Amino acid sequence: MNHHLRHLTDQTRRRLLGNISTGLSGVGLIHLLTRDATGTKTTDERKPGRTHHAAKAKRVLQIFCPGAASPMDLWEYKPSLEKYHGQPLPGEAEFLSFQGKNGNLMQSPWPFVRSGECGKHITSMLPHMSRHVDDIAFLHAMHSKTNTHGPGCVFMNTGHPTEGFPSAGAWLSYALGSENENLPTYVAISDIRGEPPNGKANWSNGFLPARHQATMMSDQKPIRNLIRPKEVSDAEEAASRRLLTRLNQDFASANPAESDLQARVSAYELAAKMQLSTPEVSDLTRESESVHRAYGTRDENTLKAAYAKNCLLARRMLERGVRCVNLYCSSRASGVDGLLNWDAHKTLKADYERHCPIFDQPTAALLTDLKESGLLDDTLVLWATEFGRMPTHQAGTVGRDHNPDGFTCWMMGSGISGGTSYGATDEFGRRAEINPTTVWDYYATVLHLCGFDHEQLTWYHNGLDRRLTDVHGDVIQEILA
């Protein structure tokens, strides 16, 4: 005691200030070490479902067409391509794009038709989708940071062109939490033709806790290992679960920073619940024959029938409380351009006459189902692709090369002003020119409709408060209802 009293009485102004700075540094160091050890802030994770403002949407469906679906052949009508077909692109006659030299301007192989009360022109190759234009807000001036499929898909799904960042679905899982304890919060439904470019990075949890990654499934590939082996009795399984729970709890208590373990525990617990719920939700035989006809699940085109079943599965997931569903229509690139996805480098007409019928009827039926059931009132539907295509034909081909400088995405559903088009590329579709929008604006708007300020929804990682929109993004007010 005397030593401490003597130390206090001997304090000089300089020593006092020195001790204060050292003490405060120590407090700061402890705070930072705690954050780094857990990968989070020292406070508990935000309460799921607690929004920053009133939400319009409770869940999100994103339909993704890998391969860079061509905007001037699907959604954005360009009369100048017809007028100047076969002529050089003004000012860029020698432009070298992703695969090299380009030829002259090339009109779309199919006419565009005026659709809906809004009079929106879309390709005649999508007659079923044309019935929904009055509910859709088109974003015609999107642009990307990359012209390569893998990084492009990851950029469009995560807001970053490199892997390792959480997908938008993972952010929504973190923010919204579960609405059905017996089903995953986030589901990725891959196409029968395979995963999209860069695969699981498109629905990764990144640095968020592992429980926020998507559960991958499809009608063709149901979740594996859900059924208990016949040789294991109910009593044996219950005893095994009790033991496993105790071991997991002991290890988790001793290792609080191991989010992968906690996610694995949660996954096993969810799997036990899904043994009952998933067979029911994935059993498409419960749907009426008229529903199957509307979607095209019995179509003689097996690729279309498979995608139609995935569309029906997506609807069943959404109506049972899954917060976010990624639905893919096509897969990664193959040795033949445009065979497995929308990457029409060489034979655009033949490629899209294969892909459009697969996409059109099932997608339109899903949107109709959501609208007629009332589910669209609080569901946000997104359509996206990773970038656009050139208005010219690729040299020596009748296809189009990559174009990250201008492309189309769209939104529909809760909080969206339908029958609108925001932004535009130039007269040929080469570059975003009027009201350009970015992937960060896109997701700032998505989060806004789900009740979140994109600048406030963050996760501390490697010294930064990270967010889905990086350090960019503005809500696109012009498409909001």
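The values are calculated or read from the model by the stated rules, or taken from the named source; none is laboratory data. This is a predicted model, so every value here is computed, not measured. Note that we place each Cβ from the backbone using ideal geometry, even for glycine, and neighbour counts take in every protein chain shown.
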Check your understanding: Failed condition for L376, given (1) in contact with a strand residue (DSSP E or B) (Cβ under 6 Å, 6 or more places away or on another chain); (2) within 23 Å of P109 (Cα to Cα), with all others met?
Key -> (2)
Review point. All but one of (1) part of a helix (DSSP H, G or I); (2) in contact (Cβ under 8 Å) with a residue 60 or more places away in the chain; (3) small (G, A, S) hold for A141; which doesn't?
Key: (1)
Exercise for review: Identify the residue in segment 344-361 that is touching a Gly at 6+ places or on another chain (Cβ under 7 Å), surrounded by 20 or more Cβ atoms within 10 Å (Cβ to Cβ) and not hydrophobic (A, V, I, L, M, F, W, C) and, among all such residues, is nearest to L380 (Cα to Cα).
Suggested key: Q361
Check your understanding: Under the condition of being in contact with a strand residue (DSSP E or B) (Cβ under 7 Å, 6 or more places away or on another chain) and among the small types (G, A, S), which residue from segment 303-343 is surrounded by the fewest Cβ atoms within 10 Å (Cβ to Cβ)?
Key -> S331
Revision key, fill the gap. Those residues of segment 91-124 which are closer than 12 Å to R430 by Cβ and loosely packed, with under 13 Cβ neighbours inside 10 Å amount to G91
Check your understanding: Quick one: in segment 65-80, which of the residues that are crowded, with 24+ Cβ neighbours inside 10 Å and not aliphatic (A, V, I, L, M) is nearest to the chain's Cα centre (by Cα)?
Key -> P66
Practice item. Considering only residues that are more than 28 Å from M317 (Cα to Cα) and touching a helix residue (DSSP H, G or I) at 6+ places or on another chain (Cβ under 9 Å), look in segment 216-244 and name the one that is modelled with the lowest pLDDT. Key: L244
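For every residue, the table says whether it meets (1) touching a Cys at 6+ places or on another chain (Cβ under 9 Å); (2) in the same structural domain as V325 (by TED's automatic domain parsing); (3) touching a residue at least 12 places away in the same chain (Cβ under 8 Å).
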{"residue": "C153", "(1), (2), (3)": "no, yes, yes"}
{"residue": "A214", "(1), (2), (3)": "yes, yes, yes"}
{"residue": "E237", "(1), (2), (3)": "no, no, no"}
{"residue": "L243", "(1), (2), (3)": "no, no, no"}
Practice item. Tell me which of these E427 doesn't satisfy, since it passes every other one: (1) surrounded by 24 or more Cβ atoms within 10 Å (Cβ to Cβ); (2) out of contact with any strand residue (DSSP E or B) (no Cβ under 8 Å at 6 or more places or on another chain); (3) under 23 Å from S115 (Cα atoms). Key: (1)
Point to revise | All strands (runs of 3 or more DSSP E) inside segment 53-116 with 2 or more residues being closer than 21 Å to V439 by Cα | key: 59-64
Study note, to complete from the structure: Heads up, the strands (runs of 3 or more DSSP E) in segment 330-439 (entirely inside) with at least 1 residues that are outside the structural domain of L81 (by TED's automatic domain parsing) and without any contact (Cβ under 8 Å) to a residue 60 or more places away in the chain are none
Review point. L370: within 21 Å of the chain's Cα centre (by Cα) and hydrophobic (A, V, I, L, M, F, W, C), yes or no?
Key: yes
Revision key, fill the gap. The lone condition N198 fails out of (1) at positive phi; (2) not hydrophobic (A, V, I, L, M, F, W, C); (3) not assigned by TED's automatic domain parsing to the domain that holds V381 is (3)
Check your understanding: Going by the conditions given, is N205 under 15 Å from the mean Cα position of the chain (by Cα), assigned to a loop (DSSP other than H, G, I, E, B) and among the polar types (S, T, N, Q)?
Key -> yes
